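Working notes for the structure below.
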Amino acid sequence: MIRWSNDVQITSIVRNLNIKITTVKKVIKKFLDLCGPFNFHNNKLGGVNKIVQIDETMLNFKCKSHRGRSPHNKTDALVMVEVEDKIKRVFAVVIPDKRAETILPIICNNIINGSVIWTDEHKSYSQLTSKGFLHSTVCHKYNFVDKETGTHTQAVESFNNCIKIAIKKRKGVVVQSRQDFLNEICWLFNNKENRLERILNIILHALHSFLLCSHTKMSRVFEANIVHPLHRA
């Protein structure tokens, strides 16, 4: 976990520790299961005068031996980044399509009402103002940054590039593991300042819960097999 938290590639961990790649992936998956949930329902992104940039990105990996991307391998993700002087927090989730009825509930569940939201001009975002957000757009056909409002999506596009680089380093991510992959990338980014401390705290909390549960079960067994028979006697 220490090597993983220091951005050492999984293939390097496997080679250096002489263990199976499936073992490494299982350990990381188990740890991330302890970290969930990965949404921001209880600690939403944004706030008064805070900017959240939103964009969609494709998670497919294009091999050199193939032209284009297979439609059977196509996966889109909705990506949100909370921005101050730099990116503060990130969130990414696999989406089945880019329709408003798919995207808007995710945004409303993870961003504080009244936040400033910057997007491109995709039609699925057109209802954000009516949902209580301060919505501003940039038309990428003409500008990367809107000259009048200063609106841009460069921060979220930067994080999208981080996602794509991670996919490329892994030589692709299988479809059924792509949400787990996004959870991993987002957790590493959101905890980049104190990863090791967070890992230790999560493991200690899980250990404490396990011991508490084990103690409770042992107490019940003791009562059922020792205390109750003695009382009946």
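The values are calculated or read from the model by the stated rules, or taken from the named source; none is laboratory data. Computed from a predicted structure; not experimentally measured. Note: ideal-geometry Cβ built from the backbone for every residue, glycine included; neighbour counts use all protein chains shown.
In the set Asn6, Asn18, which member is loosely packed, with under 12 Cβ neighbours inside 10 Å, in contact with a Lys or Arg (Cβ under 9 Å, 6 or more places away or on another chain) and not assigned by TED's automatic domain parsing to the domain that holds Gln179? Result: Asn6 is the single residue among Asn6, Asn18 that is loosely packed, with under 12 Cβ neighbours inside 10 Å, in contact with a Lys or Arg (Cβ under 9 Å, 6 or more places away or on another chain) and not assigned by TED's automatic domain parsing to the domain that holds Gln179.
Annotation note: of Thr129, Thr153, Thr137, Thr102, the sole residue that is touching a residue at least 24 places away in the same chain (Cβ under 8 Å) and closer than 18 Å to Met80 by Cα is Thr153.
Can you tell me which residue is surrounded by the most Cβ atoms within 10 Å (Cβ to Cβ) among those in the range 124-159 that are of a type in the set (D, E, K, R) and within 24 Å of Ile95 (Cβ to Cβ)? Spell out the reasoning first.
Here is the first cut: in the range 124-159, the ones of a type in the set (D, E, K, R) are 131, 141, 146-148, 157.
With within 24 Å of Ile95 (Cβ to Cβ) added as a condition, the list becomes 131, 141, 157.
Values: Lys131: 15, Lys141: 7, Glu157: 17.
Per the stated criteria, the residue is Glu157.
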